[in-house]
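Nothing in this text is a laboratory measurement; each read-out follows from the coordinates by a stated rule. These numbers come from a predicted model, not from an experiment. Cβ placement follows ideal geometry from the backbone for every residue including glycine, while neighbour counts extend to all protein chains displayed.
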Amino acid sequence: MNLYAKNLKNPPFKKRIEPFLYLLPFTIGVAIFTLYPIVNVFILSFKENYRHLTGKYSGFGFANYRSILKDPYFIQAIQITFKYVLIVIPFAVALSLMIANLLNQKTKLSGLFQTMYFLPLITSVTAVGLTWKYMFNYRSGIINFILNLFGLNSVNWLQDPNANFWALCIYGIWSMMPFTIILLLSGLQNIDPRYYTAAKVDGASSLRIFFRITVPLLSPTIWLVVIINTISAFKVFNELFPLFAGPGIGHNLYTLVYYIYHQFRGLTPPKYGRAAAAAIILFGLILIFTRIQFLIQRWNREIHGEKSK
Amino acid sequence: MKPFKLSTVLLYLFLILGALIMIFPFYWMITGSFKTADGINAFPPNLIPTEITLKNYRFALETAPFARYFLNSVIAAVASVSICTLTTILAAFAFSRLRFVGRVRIFGMLLAMMMVPFEMVVITNYRTIVQMGIHNKLIALIIPFSSSIFYTYILKNFFDSIPESLYQAARVDGCSNWRYLWRVMVPIAKPSLYTIVLLNTIASWNSFMWPMLATNSKNVRTLPFGLYTFVTEGGARNEIMMAASTIVVLPMIILFLVTRKNIVNGVARGGLKG
Amino acid sequence: MNITLDHVTKKFAETIAVNDFSARLPSGQLLCLLGPSGCGKTTILNMLSGIVPVTAGRIFFDDRDVTELEPEKRGIGLVFQNYSLYPHMSVLENICFPLEIQGVKKSERIRRATELAEMVYVDNLLKRRPAQLSGGQQQRVAIARALVKNPQLLLLDEPLSNLDARLRIEMREEIRRIQQETRVTTIFVTHDQEEAMSISDQIVLMKDGYLQQIAAPLEIYRNPINEFTADFLGNPVINKLSGVVRNGKIRIDGTERELALPTAEALADGRKIHLSIRAESFEPSDERDETVLIGSVAALSVTGKDTLANIRVGDFDVRALVDSDAELSAGETVGLTLKSRGVFVFDAESGERLA
């Protein structure tokens, strides 16, 4: 027909594959190191009597799940992990909320304060964890020194199986706070200052303003922070190495992710199926909380209108 | 002089106390690294070192190849961050501006995959790198991080906020997609990209679990894992441990002091993995 | 360049944005695509630029079929409502960019860009970034950027709607001037009838995806093809009185008498009609015969030489622009004769022009 009658509706082959060329490098990485492992772990978790060396397995079924659910170490791992989440999250969020609220009162030096509060965000768990190990030291640690100052007895934070969980929690709270403060602070800065002005004109005390205005308006952000931190606390693992060089005394700090790691890296022969099954259970937990997070974000948009992305 | 209100004083006291607790470990790490063996184990502890020594650093550097670890960390960070940034830019552009079959569905699938914890895929990835024969090689610390759904998602959102009419204007002028991406999109997205690069660099520098799985010999270890093995294998003394920790942490502290605003804004906009 | 649209239709997922649109737009003119929002005018523009493919029909630039041609091969310049300047480039770089893509030599690029900048009066701002410019200046730069590669056709998509009222008037005169200097065929999309009336050679009026009328502004004002066209153009809005034809005369709803209108004599008895009268088409009269509308003055506002009178006629409030010398007073009963210009009869159902 005419010279140009090709494009727009039916673009030439070159034009049609162009988007995929842009996606290609990204896709290779995602396919090999994200998509394939997801599928693979899922299948692995159902393969029964899987032998890594031969690649043989006797069939598909729930044997791995049954086996880890009967494994006292797994039950313990779940318990420890939940206990950790239940203690760390409320403290970290409550303390962060206080600090964020104070940081939000336009003080001078806020740049300095931000630097100090947010520094732990960017530092290696290993290096800082080792410092905490030194601070938790039974005989020469500064934490026991402070306890002594208040007339309390020294605690054997790292070696006492009744205390080491609390050392982990203290470190967990400390390291979770910067991120939490940042999110809460940016949530606070999104609150329309007119609400405060109105309340002050009405003569409300600052405590009342905090509980009657700040907290309700901030609650979507607070919940968001709770969920994100819960998901990350479920994965508590790295901290165990610098602090305790492993899962505590007599495996008493055997967390869920440590369990996964141990099954495929710490045992000979490695139990890939059980590791996979445990990972799928972790994923299930995260999925539940992600779903809640999604609902909260929708709620958040409803409260703050459609502006924030 | 302006009279201080009691509440203001309390506010500052509380903030200062909290801030001191937050940075105390860093103070303790760095001062500890300069203390002598007697100084560091003194009880009650010396808040300010009474005697300063550089021996700890010399000892750490002599007993473990920290220079090598440092170099490995730099190589792994630079390589994985640059490759990842490139794949992220290309993919984010495709998802944001180009039209192709299944675009929305594929992107939705990627978002769903973002929920999958790294701790899960690690099981297979460990076997993958073993099978690829790159276990215990530096490249094993780079290619698994060559693309990131998370950063692609962040950058795609930013690209989406650049008005479509800019793209139309350029297309009418005959600008190719490739040229538009590099000449218009990327320069406009510079602040966002900068934040992504920073956060990715920090994540790479601090990563512990993957290097622990993927490497074991000394000459491919990165700093955090090198530090950990140094402490566990050598049973290092506190002052040496603090000196080695300082070596690991210092580059990131400097980076943070220089780029704090970018990092904090990036995190506030959801730029950190949970 | 003459532009021909031949039965052009554009369907988006559920909606038909442009429906069987045929028109021939003459070369070298400033044309306004006018219509309420959602009428398909921007879609027409985007199809002309090639950003949006047509669903059916053909588009010709002179004799060349460009329907399937990619945007960059059409030789057009495009100006957007939000200016769409590249925020990271200076004014000069922005204007140069289309030439850079074409591979024009740098010295030549700068020469041409400077020339264009002079024409739109931004030559003193060449080093600035878009964010440092006012809206009017940004739009001038956008026009220079669109013109720098000597397009055959300049398309402007609501270019003034982000500007404040005073700048808008200034800029529309600028666009008029630039168009007359360059003589490039220009299509200007707007929803503002006053804007369209004041600058265009031809108005292309659209509604709901359909072409309504193409004509010069005065022609379309004086001779609307249907009721929508009559309603859409003109300020104050045309008066609309509904009524019924009785023996070749019109009985306005709520009145007890017939109005004799020479143009309406042939209309069928009992037909429901709308009588549309422009505000300036009334003249106060002492007559009380059948050629006169009778009403009572409700309110008056003197604007100087003219007075805007609100007059109650039957069920309707009529706005009449009358000479202040007529000295009407509120509450008074007046007779109004109708001028021959600006009085139209439309079918009440279809809006079709009857007289």
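Counting pairs of alpha carbon atoms under 8 Å apart in space and at least six apart in sequence, what relative contact order in percent does chain C give?
Relative CO of chain C lands at 15 percent.
For C:THR190, B:THR222, B:THR124, what's the fewest-to-most ordering of other Cβ within 10 Å of each Cβ?
Ascending Cβ contact count within 10 Å gives the list C:THR190, B:THR124, B:THR222.
Please list, or write none, the lysines whose alpha carbon is within less than 21 Å of the alpha carbon of B:LYS35, excluding same-chain residues fewer than 8 places away.
Within reach: A:LYS133, B:LYS55.
With angles folded into 0 to 90 degrees, how steeply does helix B:223-234 sit against the dominant principal axis of chain B? Use alpha carbons for both and round to 10.
30
What percent antiparallel are the DSSP beta bridges of chain C, to the nearest 5?
75
Evaluate the Debye formula for region B:162-274 with equal point scatterers sitting on the alpha carbons, no solvent, and hand back log10 of I(q)/I(0) at q = 0.13, 0.23 Å⁻¹, in q order, two decimals.
Here log10 of I(q) over I(0) equals -0.70, -1.19.
By what distance, in whole Å, do the Cα atoms of region A:168-309 stretch along each of the three principal axes, largest value first?
Here the spans come out as 70, 30, 18 Å, largest first.
Residues of B:160-169, mean number of Cβ from any other protein chain within 10 Å of their own Cβ, rounded to a whole number?
6
What is the Cα convex hull volume of region A:29-173 when expressed per residue in Å³?
Here the figure is 217 Å³ per residue.
Provide, as a two-decimal number, the C-alpha radius of gyration of region C:190-264 over 2.2 N^0.38 Å, N being how many residues it has. Before the final figure, lay out the partial values.
Numbers: Rg = 15.3 Å, N = 75, 2.2 N^0.38 = 11.3 Å.
It is 1.35.
Filter the GluC sites (Glu not before Pro) in region C:1-77 down to the DSSP loop ones having no more than 12 other Cβ atoms within 10 Å, then list what survives.
C:GLU14
What 222 nm value per residue comes from the helices of the protein assembly as shown, counting each DSSP H run with n ≥ 4 as -39,500 (n - 2.57) and dividing by all residues, nearest 500 deg cm²/dmol?
-16500 deg cm²/dmol
Can you compute the modelled spin-label distance between A:ASN148 and C:THR337, with each label point 7 Å from Cα toward Cβ, in nm?
In this crude spin-label approximation the distance works out to 11.6 nm.
At 1.002 mPa s and 20 °C, plugging the Kirkwood radius over alpha-carbon pairs of chain A into Stokes-Einstein gives what diffusion coefficient in µm²/s?
92
Sequence gap at least 6, Cα distance under 8 Å: using those rules, report the relative contact order of region A:155-309 to the nearest whole percent.
Once normalised by length, the contact order is 24 percent.
Other chains' Cβ within 10 Å of C:61-72 residues: what's the mean?
Across C:61-72, the average partner-chain Cβ count within 10 Å equals 5.
Stokes-Einstein diffusion coefficient for region B:1-62 at 25 °C in a medium of 0.890 mPa s, Rh from the Kirkwood formula over Cα pairs: what value in µm²/s?
My calculation gives 173 µm²/s for D.
Could you work out the relative contact order of chain A? I mean the mean sequence separation of Cα pairs under 8 Å and 6+ apart, divided by the number of residues, in percent. Kindly include the intermediate steps, with their values, before the conclusion.
Details: 305 pairs, mean separation 78.4, N = 309.
The normalised contact order for chain A reaches 25 percent.
Taking chain B as a Gaussian network, where each spring joins two C-alpha atoms under 10 Å apart, which residue of B:THR87, B:THR53, B:THR152 fluctuates the most?
The residue with the greatest mean-square fluctuation here is B:THR53.
Rank the residues A:LEU109, A:LEU183 as a footprinting-exposure proxy: fewest other Cβ atoms within 10 Å of their Cβ go first.
A:LEU109, A:LEU183
Provide a whole-number value for the mean count of partner chain Cβ atoms within 10 Å of the Cβ atoms in peptide B:223-231.
Taking the mean over all residues of the peptide, I get 4.
Which is farthest toward the positive dipole end of chain A among A:ILE231, A:LEU152, A:GLY111, measuring Cα position about the Cα centre, with Cβ charges +1 (Lys, Arg) and -1 (Asp, Glu)?
Checked the options; the winner is A:ILE231.
Calculate the spin-label point distance for C:LYS272 paired with B:SER217, positioning each point 7 Å from the Cα along the beta-carbon direction, and give it in nanometres.
Each label point lies 7 Å from its Cα, and together they span 9.4 nm.
Suppose we keep just the alpha-carbon trace of region C:207-355; what are its Rg and Dmax in angstrom?
Gyration radius and largest Cα-Cα distance of region C:207-355: 15.3, 46 Å.
Any aspartates and glutamates with Cα under 19 Å of the A:LYS235 Cα? List them, leaving off those in the same chain fewer than 8 positions away.
Within the straight-line limit of under 19 Å, A:LYS235 reaches these aspartates and glutamates: B:GLU119.
Is there a pair in A:LYS14/C:LYS73; B:LYS156/C:LYS10; C:LYS11/C:LYS41; B:LYS261/C:LYS127; B:LYS156/C:LYS149 whose C-alpha atoms are over 22 Å apart, and which pairs would that be? Walk me through the intermediate numbers first.
Details: A:LYS14/C:LYS73 17 Å; B:LYS156/C:LYS10 29 Å; C:LYS11/C:LYS41 14 Å; B:LYS261/C:LYS127 29 Å; B:LYS156/C:LYS149 32 Å.
Among A:LYS14/C:LYS73; B:LYS156/C:LYS10; C:LYS11/C:LYS41; B:LYS261/C:LYS127; B:LYS156/C:LYS149, the Cα-Cα distance tops 22 Å for B:LYS156/C:LYS10; B:LYS261/C:LYS127; B:LYS156/C:LYS149.
Jot down the per residue volume, in cubic angstrom and as a whole number, of the convex hull over the alpha-carbon atoms of the protein assembly as shown.
So the per-residue Cα hull volume is 269 Å³.
Please find, in a Gaussian network model of chain A (springs between Cα atoms separated by less than 10 Å), the residue of A:LEU243, A:LEU121, A:LEU224 whose mean-square fluctuation is greatest.
Maximum fluctuation in the GNM of chain A, among the listed residues, is at A:LEU121.
What order do you get for C:LEU241, C:LEU300, A:LEU24 when you list them from fewest to most C-beta neighbours inside 10 Å?
Arranged by neighbour count, lowest to highest, C:LEU241, C:LEU300, A:LEU24 become A:LEU24, C:LEU300, C:LEU241.
Local charge sum around C:ASN46 (other residues, Cβ-Cβ under 9 Å, Lys/Arg +1, Asp/Glu -1)?
Once positives and negatives cancel, what remains is 0.
Where the only charges are on Cβ atoms (+1 Lys, Arg; -1 Asp, Glu), what is the dipole of the protein assembly as shown about its Cα centre, to the nearest 20 debye? Numbers along the way, then the final one.
Numbers: 94 positive and 69 negative charges, 1036 e Å.
The calculation lands at about 4980 debye.
So how long is each side of region B:106-245 along the principal axes, counting just the alpha-carbon atoms, biggest first, in Å?
67, 35, 25
Please give every one of the aspartates and glutamates within straight-line cross-link reach of A:LYS200, meaning a C-alpha to C-alpha distance under 14 Å, and leave out same-chain neighbours fewer than 8 residues apart.
A:ASP192
State the volume of the convex hull built on the alpha-carbon positions of region C:282-355, expressed per residue in Å³ and rounded to an integer. Each step should come with its number before you reach the end.
On the way: hull volume 8.0 nm³, N = 74.
Roughly 108 Å³ of hull volume per residue.
Let me know the Kirkwood hydrodynamic radius for region C:65-204, please, with Cα pairs as the basis and the value in Å to one decimal. Don't skip to the end; give the middle numbers.
Working: mean 1/r = 0.0652 Å⁻¹.
Computed over Cα pairs of region C:65-204, the Kirkwood hydrodynamic radius comes out at 15.3 Å.
Among C:330-339, C:218-227, how do they line up from the highest to the lowest mean number of other beta-carbon atoms within 10 Å?
Final packing ranking: C:218-227, C:330-339.
In what sequence, highest mean first, do C:30-43, B:240-253 appear when ranked by Cβ atoms within 10 angstrom?
B:240-253, C:30-43
Could you estimate the translational diffusion coefficient of chain C from the Stokes-Einstein equation, with Rh from the Kirkwood formula over C-alpha pairs, at 10 °C and 1.306 mPa s, in whole µm²/s?
Answer from the Stokes-Einstein relation: 70 µm²/s.
With angles folded into 0 to 90 degrees, how steeply does helix C:165-182 sit against the dominant principal axis of chain C? Use alpha carbons for both and round to 10.
Helix C:165-182 and the main axis of chain C meet at about 60 degrees.
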